[in-house]
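The structure under discussion appears below in the form of structure tokens.
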Amino acid sequence: MQYYECRDLTNIIPSLKKLPNTLIKFELYGYIIPLSFITKFTNLQELVLLYSCDFDESNDPFEDFNELQHVTFSQLQILRFEDASPKTDLLIKFLENNGKFLKEFHVESDNYLLNLAIAKYCFNLKIFSILILSYENYELESLKEIFNNCQNLESIKVKCEGEYEKELLDVISEYSPNNFSELGLYYSYDAKSKLLPDTFETFFVNWKNRTSLKSISLIIDSYSGKNIFDNYEEIMKVIEKFIKLGVIKKFIID
């Protein structure tokens, strides 16, 4: 694993190019990151590109991602982007070549076309995280496609803003595959959940009635902790009820 944290990584590229092709994990934190050197490491099993800075067209860190889109990384199992990701058309082309190898994929994008590409090319996924800001009909349909085509999917983490959560739970209870057993909901700094005790009750009843007998884990990731819910005490009564029934494996507010 190689890890660097700085704003401009250009000056270390010659050193990176000297690394052996046997490298299996590469993790980069930075701002300006010429990516063409990664084409050498075709044995990568894990590629992580994380950003904490804003950028625009004049300093896009994914400017040369087009050089990766045609390369086959046949060992790649984990691909993770955070805070930023390549342009949709380039990422779709990359997934066309490499999606079938992925077991885990994290991307902060709510792009409909990308969702369809994930459903089409990433059919071996087990773990998936995505940014969804709204749940219009076409976005719900693309999420259904992911569930229908990715039958090995076990876990999904959704970054949301507290909108249309009920609709999301409905889709998960009805369309998620039999192997599915973990849902993570991540809320941004000032977001509030609008989920009600009755909504949780309906979701867990529906889960109990599924053909799959797997219990489900629900993980809430929020800066507000339990204050993310206005009805926390009532919600916990529902949660405790379904834990006792074996429907819920674990419930965590982080």
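Answer with yes or no whether I253 is among the aliphatic types (A, V, I, L, M), surrounded by 15 or more Cβ atoms within 10 Å (Cβ to Cβ), farther than 19 Å from S188 by Cα and in contact with a helix residue (DSSP H, G or I) (Cβ under 6 Å, 6 or more places away or on another chain). When the stated conditions are applied, I253 does not pass them. Among the residues of segment 171-178, is there at least one that is assigned to a strand (DSSP E or B), among the small types (G, A, S) and modelled with pLDDT of 90 or more? No - not one qualifying residue is present in segment 171-178. Here is the figure for segment 81-105: residues that are at pLDDT 95 or above and in a strand (DSSP E or B) total 2. All conditions but one from (1) assigned to a loop (DSSP other than H, G, I, E, B); (2) out of contact with any strand residue (DSSP E or B) (no Cβ under 9 Å at 6 or more places or on another chain) apply to K214; the one that does not is (2). Annotation note: of F123, F101, F147, F73, the sole residue that is surrounded by 21 or more Cβ atoms within 10 Å (Cβ to Cβ), out of contact with any strand residue (DSSP E or B) (no Cβ under 6 Å at 6 or more places or on another chain) and of a type in the set (F, W, Y) is F73.
Among the residues of segment 213-223, is any within 20 Å of Y175 (Cα to Cα), modelled with pLDDT under 95 and hydrophobic (A, V, I, L, M, F, W, C)?
Within segment 213-223, one or more residues are within 20 Å of Y175 (Cα to Cα), modelled with pLDDT under 95 and hydrophobic (A, V, I, L, M, F, W, C).
Just one residue in the set I220, I243 is surrounded by 15 or more Cβ atoms within 10 Å (Cβ to Cβ), more than 19 Å from K159 (Cβ to Cβ) and free of Cβ contacts under 8 Å to residues at least 60 places away in the same chain; that residue is I243. When S134 is tested against (1) surrounded by 20 or more Cβ atoms within 10 Å (Cβ to Cβ); (2) modelled with pLDDT under 90; (3) of a type in the set (G, A, S), exactly one condition is not met: (1). Any residue at all in segment 187-210 that is in a loop (DSSP other than H, G, I, E, B) and either within 16 Å of the chain's Cα centre (by Cα) or under 20 Å from I118 (Cα atoms) (or both)? Yes, some residue in segment 187-210 is in a loop (DSSP other than H, G, I, E, B) and either within 16 Å of the chain's Cα centre (by Cα) or under 20 Å from I118 (Cα atoms) (or both).
The values are calculated or read from the model by the stated rules, or taken from the named source; none is laboratory data. The structure displayed is predicted, hence computed values, not measured ones. Quick reminder, even Gly has a Cβ in these numbers, built from the backbone with ideal geometry, and neighbours come from all protein chains shown.
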